[in-house]
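Data first, discussion second: the structure below is written as structure tokens.
Coordinate-derived values only; no laboratory data. What you see is a predicted model, and the numbers here were worked out from it, not measured in a lab. Here the Cβ positions follow ideal geometry from the backbone for every residue, glycine too, while neighbour counts run over all protein chains shown.
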Amino acid sequence: MDVKSIREQFPILHQQVNGHPLVYLDSAATSQKPVQVIESLESYYRNHNSNVHRGVHTLGTRATDQYEGARDKVKTFINADSTQEVIFTRGTTTALNMVAYGYARQFLKEGDEIVLTEMEHHSNIIPWQQAAKYTGAILKYIPMEENGIISLDAVRSTITKNTKMVAITHVSNVLGVINPIKEIAEIAHNQGAIIVVDGAQSVPHMKVDMQELNCDFYAFSGHKMCGPTGIGVLYGKKDLLEKMEPVEFGGEMIDFVGLYDSTWKELPWKFEGGTPIIAGAIGLGAAIDFLQGIGLDNIIEHEQQLAHYTQKKLSEIQGLTIYGPEERSGLITFNVQGIHPHDTATVLDSEGIAVRAGHHCAQPLMKWLDVTATARASFYLYNDENDVDRLVEGLQKAKEYFGDVF
């Protein structure tokens, strides 16, 4: 990967922050956007802006072709069986809530089990808490090992014949753990359960194949994969989506409307009520083109090399604790003894270095780690070892600023 050439395609990275060249290490929160994606949005609004599916005029046809063309790109990108299995949503959170409301509330009953892990993002915990309260289902958590991974033995001992749903992240946004989704799906299916996967931190960074993983639902966001904000995807197996009830009702998702009853359109439009996220979908399609041009295998290899380099460099800083396993995705979560992570992030920002600090929407995991908050540096295709070196220099300045308590 030619990182220098890639960086040139991201306009926002060509600036100074607080008098220093920007080092952006917060891609797990949101990625930056290449010029190709920005231009795709501008082109749509300048040349093709129209509502989709409804009109027969030229602009409407162009917009519809681009919108549905983006769906086809997503289908190929994740290797879904059909575009009918690709639902455009506002993002991962919306997609997970759609399954919790449209499937779990409809089919779960008292005593059924929903299995989660303590590493989940809040968006993959709270919807299931609410579904459990509504249906009387029981929440269970797969125990994690000391370094934050989960073993398949623990999965087998937690998932039982009473388990109806397993909801799990593919990649932890805090620990960088990459969970063995294919194997977990097989265990779940052997017990008659379905599996719902939060792919927000995986799809931007590695190849995901719905046929290989054999998960039942898979959710991800465009803004973490070089696409616009406000667009995401719910993948679902066709037979399950057909059983689900929509969670939004109105124009576009209907087949027939009478005074006292209505029927729904076929998939995928059954779940896309109202004017859809047209520009967002087109921008997501442009982001997919961009990522495929670079190669997902190249991206994950580059990020993991950066993570290993960062682990080595940070381990040399006295009093710094790294959370998570040795083998991980492209992010490092850490704390410096005696310095609150928000203070760490503030000092780094003064040096032009953007990292995330807080509980990362993972309060149960913070409790498991026995901390209130952490700092996180997350990498993407536009980062390199120079960015890591700047991070290390910034952390040394943070220690100096707070008196170097060691």
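The calculated 222 nm mean residue ellipticity attributable to helices in the chain amounts to -11000 deg cm²/dmol, summing -39500 (n - 2.57) over DSSP H runs of n ≥ 4 and dividing by all residues. Couplings for the stretch 182-188, taken from phi via the Karplus curve 6.51 cos²θ - 1.76 cosθ + 1.60 with θ = phi - 60°, read 4, 6, 5, 4, 5, 5, 4 Hz in order; Gly and Pro are left as x. Averaging the Cα positions of each part gives two centres, and for the stretch 71-122 and the stretch 208-244 these lie 7 Å apart.
Each residue of the stretch 241-247 was assigned a 3J(HN,Hα) from its phi angle through the Karplus curve 6.51 cos²θ - 1.76 cosθ + 1.60 (θ = phi - 60°); the sequence is 4, 5, 7, 6, 8, x, 10 Hz, with glycine and proline shown as x.
If we count every other residue with Cβ under 10 angstrom of PRO325's Cβ, Lys/Arg +1 and Asp/Glu -1, where does the sum land? So the surrounding residues net to -3. Taking θ as phi - 60° and the Karplus parameters 6.51, -1.76 and 1.60, the scalar couplings of the stretch 148-156 work out to x, 7, 10, 8, 5, 5, 5, 5, 5 Hz in sequence order, x denoting glycine and proline. Helix 58-78: angle to the longest alpha-carbon principal axis of the chain, degrees 0 to 90, nearest 10? That helix lies at roughly 60 degrees to the long axis.
With Cα atoms defining each centre, the stretch 150-195 and the stretch 324-347 are spaced 27 Å apart in the structure. The value of relative contact order for the stretch 189-245, using C-alpha pairs under 8 Å at least six residues apart, is 30 percent. Around the Cα centre of the stretch 38-293, unit charges on the Cβ atoms of Lys, Arg, Asp and Glu (plus for the first two, minus for the last two) sum to a dipole of about 280 debye.
In whole angstrom, the stretch 251-308 maps to an equivalent ellipsoid with semi-axes of 41, 12, 9, each derived as √(5λ) from the alpha carbon gyration tensor and ordered largest first. For the stretch 274-311 versus the stretch 19-68, the spacing of their alpha-carbon centroids is 15 Å.
Neighbours of LYS133, meaning other residues whose beta-carbon lies under 14 angstrom from its beta-carbon, give a summed charge of 0 when Lys and Arg score +1 and Asp and Glu score -1.
Simple point charges give the picture: +1 on the Cβ of Lys and Arg, -1 on the Cβ of Asp and Glu, and for the stretch 296-401 a dipole about the Cα centre of about 420 debye. Protection proxy ranking of 372-378, 184-190, by the mean of other Cβ atoms within 10 Å over each peptide's residues and highest first, is 372-378, 184-190.
For the chain, the longest principal axis of the alpha carbon atoms and the long axis of helix 296-315 meet at an angle near 30°. With axes computed from alpha carbons, what is the tilt in degrees of helix 278-294 against the longest principal axis of the chain, rounded to the nearest 10 within 0 to 90? The answer is roughly 50 degrees. Note: relative contact order over the chain, using C-alpha pairs below 8 Å and six or more positions apart, is 22 percent. Over all other residues within a Cβ to Cβ distance under 15 Å of PRO364, the charged ones net out to -2, with Lys and Arg as +1 and Asp and Glu as -1. Dividing the mean sequence gap of close Cα pairs (under 8 Å, 6+ apart) by how many residues the stretch 296-401 holds gives a relative contact order of 30 percent. For the stretch 271-330, the residue among LEU291, PRO276, THR321 whose Cα projects farthest onto the positive side of the dipole built from Cβ charges is THR321.
Can you classify the chain as rounded, prolate or oblate using the Cα gyration tensor, where a ≥ b ≥ c are the square roots of its eigenvalues, rounded means a/c under 1.5, and otherwise it's prolate if a/b beats b/c and oblate if not? It comes out oblate by the Cα gyration axes.
Suppose every K and R has +1 on its Cβ and every D and E has -1 on its Cβ; what is the size of the dipole of the stretch 1-148 about the Cα centre, in Debye to the nearest 20?
600
Amide H contacts under 5 Å for ILE138: GLY111, ASP112, GLU113, ILE114, restricted to partners 5 or more places along the chain or on a different chain, H placed in the peptide plane at 1.01 Å from N. With the highest mean first, a sort of the peptides 255-262, 174-181, 198-205 on other beta-carbon atoms found within 10 angstrom per residue produces 198-205, 174-181, 255-262.
Within the stretch 274-340, the GluC sites (Glu not before Pro) that combine a DSSP coil assignment with at most 12 other C-beta atoms in a 10 angstrom radius are GLU316, GLU326. Projecting the Cα positions of GLY111, VAL37, CYS215 onto the charge dipole of the chain (unit charges on Cβ atoms of Lys, Arg, Asp and Glu, taken about the Cα centre) puts GLY111 furthest along the positive direction.
Ranked by the mean number of other Cβ atoms within 10 Å of their residues, highest first, the peptides 236-243, 28-35 come out as 28-35, 236-243.
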